1. Quick test for you: out of ARG271, ARG262, pick the one residue that is touching a Gly at 6+ places or on another chain (Cβ under 8 Å) and closer than 30 Å to LEU345 by Cβ.
2. Residues that are basic (Lys, Arg) and open to solvent by less than 50 Å² (accessible area, probe 1.4 Å), at least 1 per element: which strands (runs of 3 or more DSSP E) completely within the stretch 43-84 meet that?
3. Taking into account only those residues within the stretch 558-588 that are of a type outside the set (A, V, I, L, M, F, W, C) and either part of a strand (DSSP E or B) or closer than 30 Å to ARG626 by Cα (or both), which is most open to solvent (accessible area, probe 1.4 Å)?
4. Going through the stretch 348-376 one residue at a time, which ones are open to solvent by 60 Å² or more (accessible area, probe 1.4 Å) and closer than 19 Å to LEU399 by Cβ?
5. Is at least one residue of the stretch 306-324 in a helix (DSSP H, G or I) and out of contact with any Gly (no Cβ under 7 Å at 6 or more places or on another chain)?
6. I'm trying to understand the selection: among the residues of the stretch 100-153, which are within 41 Å of the chain's Cα centre (by Cα), modelled with pLDDT under 85, assigned to a strand (DSSP E or B) and surrounded by fewer than 19 Cβ atoms within 10 Å (Cβ to Cβ)?
7. Looking at the stretch 512-538, which of its residues are charged (D, E, K, R) and within 16 Å of VAL419 (Cα to Cα)?
8. Which condition number does LYS555 fail, the rest of (1) within 30 Å of LEU469 (Cβ to Cβ); (2) of a type outside the set (Phe, Trp, Tyr); (3) open to solvent by 80 Å² or more (accessible area, probe 1.4 Å) being met?
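The values are calculated or read from the model by the stated rules, or taken from the named source; none is laboratory data. Being a predicted model, the structure only gives us computed values, none of them experimental. Methodologically, a virtual Cβ is constructed for each residue, glycine included, from the backbone with ideal geometry; neighbour enumeration extends over all protein chains shown. Keep in mind that these areas ignore ligands, DNA and RNA; they rest on the heavy atoms of the full protein, side chains included. Shrake-Rupley method; radii C 1.70, N 1.55, O 1.52, S 1.80 Å.
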Amino acid sequence: MRHTRLFLACLSLLAAADGHAQNQESGTGWQLCADPEYLPLFQPLIGDKSDPATLPADIVSDSLDIGTRDQSLFEGNVEVRRGSEWLATDALRFDHAQQTYRTEGLVRFQNNALRMTAKSAEGNQKTGDIALSGLQYQFNESNGNGTAESVVVRKDGSRLRRAGFSTCPSNQKQWQFVADEINVNDETHQGVAKNVKLEVGGVPILWLPAMRFPTDSARSSGMLTPKIGQDSLNGFDISVPVYLNLAPNYDATLTPRYLSERGLMLGTEFRYLTEANSGIFEGSYLPGDDIRGGDRYRIGWEHFTAMNRAWYFQSSLNKASDVYYFSDFGNSITETSTALLKSELGFHGRGKYWNLELTAANWEIANPTQAPGSEPYRRMPRLALSGSKPFGPWFEAGLNAEAVVFAHDVLNDGRRIDVTPFIKFPLTGRNWFATPSLSWRQTEYWIDPDPFDVTAPTRLSRGLGIFSLDAGAYFERPTTFAGLDFIQTLEPRLFYLNVPYRDQNDIPAFDTQPLTFMWPSLFRENRYGGADRQSDANQLTTALTTRFLNSESGKERMNFSLGRITYFSAPRVTLPGEVPQSADGSAWVAEANIRLSDEWQIGITQHWNPADRNTELSSIRGYWSRPNGLQLNASYRFRQGFAEQTDFAVVLPINDNWRALGRWNYSLRDNQNLETLLGFEWRSCCMAFRVFGRRYIRSFDSRENTGVFLELELNGLGSMGSRPELFKDNGILAY
């Protein structure tokens with residue numbers, strides 16, 4: 001008998017189609033199908049991974065007739081076993097002269113990959129040909145199964161007639177692929193299927209006169225799953241990706257996209273990989289936009305080169321045709337709210353005690369609300385060095401240094417050198433630590449003359465010392481809460497910071513902004529990001545954290561934190577337009593995270609300023625799930641003077657096959673809907689259908705867009721259609 005490869009070659013198209021399912025599924029999971037019928041295992045699976053072609057075959061039968069010249073007849077419960085292969089039939093007749101054989105009665109075959117039945121089988125040992133009729137097969141590690149009217153396997157390939165494939169039970173073919181003829185070439189590892197149809201519910205929904213496919217795991221050029229949608233801005237939207245396997249180490253995807261309100265767009269993606277380089281190029285082009293006029297395009301290039309073990313080159317270059325591109329073509333709020341497009345490239349080095357980088361960066365405006373000239377300074381270039389080295393267990397020395405050339409089309413150009421050497425004394429005990437740190441920050445500026453203010457300084461300098469002391473302790477005890485045993489920790493922490501005041505009002509803010517005040521801000525030496533401002537300080541942070549750890553697993557189930565900065569002298573350093581800090585201290589920062597079980601969790605963050613008795617930030621978020629698939633996410637976010645929003649998302653099972661999905665994101669501050677989505681999903685054991693309706697803010701003038709998305713998912717093959725990106729990126733967690 002021919003070895004396993006010939007049997008699998010007959011089913012190469014079907015096996016290739018089912019490859020994705022085999023990676024995701026284990027065994028036959030048809031719980032959602034009533035009374036599923038499938039081909040059972042004939043024999044227990046064995047773990048023998050030897051090539052059956054190298055092993056002898058053992059034949060067992062009730063009787064053996066060798067009375068006829070040049071012929072042998074095995075009859076009654078004939079079994080042929082060779083390694084992991086097993087074959088059974090009623091009778092097997094072998095012609096020694098012609099080296100041919102044929103079976104009589106039903107044929108059953110099984111190996112580690114699949115099991116199958118055939119009405120008859122015959123073959124030629126000389127040529128290696130084999131012919132099967134009335135084939136039915138079932139993969140062992142997935143739900144993939146199907147039939148073929150006849151199969152002919154030859155030395156150089158195989159041919160199947162009237163072949164079908166599905167991941168549905170054999171008695172409930174909710175969908176299947178069928179082809180009149182499939183020809184497989186074993187030498188080129190390519191196959192061609194003719195008159196291919198995809199049937200859903202017995203109705204053909206896709207037809208191809210011919211389809212080429214690979215018969216091994218190698219990539220192959222071809223058409224990918226189309227995406228279809230409809231919205232009020234772009235109209236009917238369909239894209240058909242075409243994959244091009246150009247070489248083993250690079251490929252491309254061309255995506256023609258038709259938007260009924262705008263025209264035909266072409267997207268492209270090119271990926272490459274060499275021993276030292278990797279990257280991806282993406283682009284899209286729409287000639288003559290029917291709505292806005294003119295050509296629309298976007299280009300992006302990500303590249304990485306490993307120069308040696310210590311050095312690498314990395315770049316990220318991006319360009320868009322206009323400021324409306326992302327609001328017009330983005331598919332999520334994250335894309336449509338893109339404000340700036342950054343491009344950066346540079347060399348990076350790293351060692352055991354040091355990091356060095358030489359980079360250049362540019363920004364361009366990507367939304368119409370940004371005034372021309374408001375983009376950040378270009379860094380042309382930036383050289384940064386950071387490093388530290390311990391000298392014994394209680395002494396560490398290091399240096400942070402940066403040199404930048406700033407350029408801008410509207411604002412004055414300048415150059416800056418910032419150097420900060422430091423020493424630390426890390427002291428530790430069994431349950432405590434204390435780390436005094438002393439540094440000196442020296443910053444030098446060379447600024448181009450201001451043609452509108454001849455008195456503006458062009459040479460500036462700032463130097464100051466920074467002292468900090470970070471100290472804390474760790475205590476623990478066993479305790480009981482809600483009937484559960486925990487280890488409770490108590491972690492007090494003090495952080496003292498002293499930085500003298502320096503007048504920095506003449507220093508331009510090249511790349512400096514106040515950092516968002518959160519829990520880590522309690523322990524920073526500077527409340528600004530960037531070197532143009534160093535905050536003055538004479539302050540003490542007092543903080544306390546307690547955690548509850550499961551006494552058996554060690555998993556953290558709850559934590560509570562409370563902290564505040566007390567100012568002994570009011571901070572005086574500010575940026576232009578910035579409100580000065582409170583005289584006595586920062587807001588109280590409180591955080592809590594509770595997860596007593598894996599089914600629900602709650603997170604709370606609260607910033608309360610005692611100076612004006614106002615809440616500066618408030619955030620509450622919760623997640624609840626049930627074994628039946630119910631999921632509920634709810635959150636409330638408030639930041640004083642900036643935003644106040646609610647966000648709800650739900651996955652609601654209706655029965656075993658139906659569930660509803662929804663999300664509502666609303667701005668209380670603006671009294672405006674940000675995003676509303678409602679969808680329904682029907683899922684069986686082998687396919688799913690989803691329909692979504694979505695209304696969301698798409699442009700910076702608060703115009704809303706309405707879209708309808710349809711998606712058909714066939715288990716083991718992927719999906720056709722389109723779904724909102726939020727279902728993968730945010731909103732509904734475990735969708």
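1. Values: ARG262 fails: closer than 30 Å to LEU345 by Cβ.
Selected residue: ARG271, the only one of ARG271, ARG262 that is touching a Gly at 6+ places or on another chain (Cβ under 8 Å) and closer than 30 Å to LEU345 by Cβ.
2. Working: elements: 58-60, 63-65, 71-82.
Correct list: 71-82.
3. Just the residues of the stretch 558-588 that are of a type outside the set (A, V, I, L, M, F, W, C), to begin with: 559, 561, 563-564, 566-567, 569, 571-572, 574, 576-578, 580-582, 584-586.
From the residues that got through so far, the ones that are either part of a strand (DSSP E or B) or closer than 30 Å to ARG626 by Cα (or both) too are 559, 561, 563-564, 566-567, 585.
On the way: ASN559: 24, SER561: 18, GLY563: 0, ARG564: 26, THR566: 49, TYR567: 25, GLY585: 2 Å².
Within the stretch 558-588, the match that is most open to solvent (accessible area, probe 1.4 Å) is THR566.
4. Once the filter is applied, which keeps residues that are open to solvent by 60 Å² or more (accessible area, probe 1.4 Å) and closer than 19 Å to LEU399 by Cβ, the stretch 348-376 yields ARG350, LYS352, TYR353, TRP354, ASN355, LEU358.
5. Scanning the stretch 306-324, I find no residue that is in a helix (DSSP H, G or I) and out of contact with any Gly (no Cβ under 7 Å at 6 or more places or on another chain), so the answer is no.
6. none
7. Step one: filter the stretch 512-538 for residues charged (D, E, K, R), giving 524-525, 527, 532-533, 536.
Within the stretch 512-538, GLU525, ASP532, ARG533 qualify.
8. The one condition LYS555 does not meet is (1).
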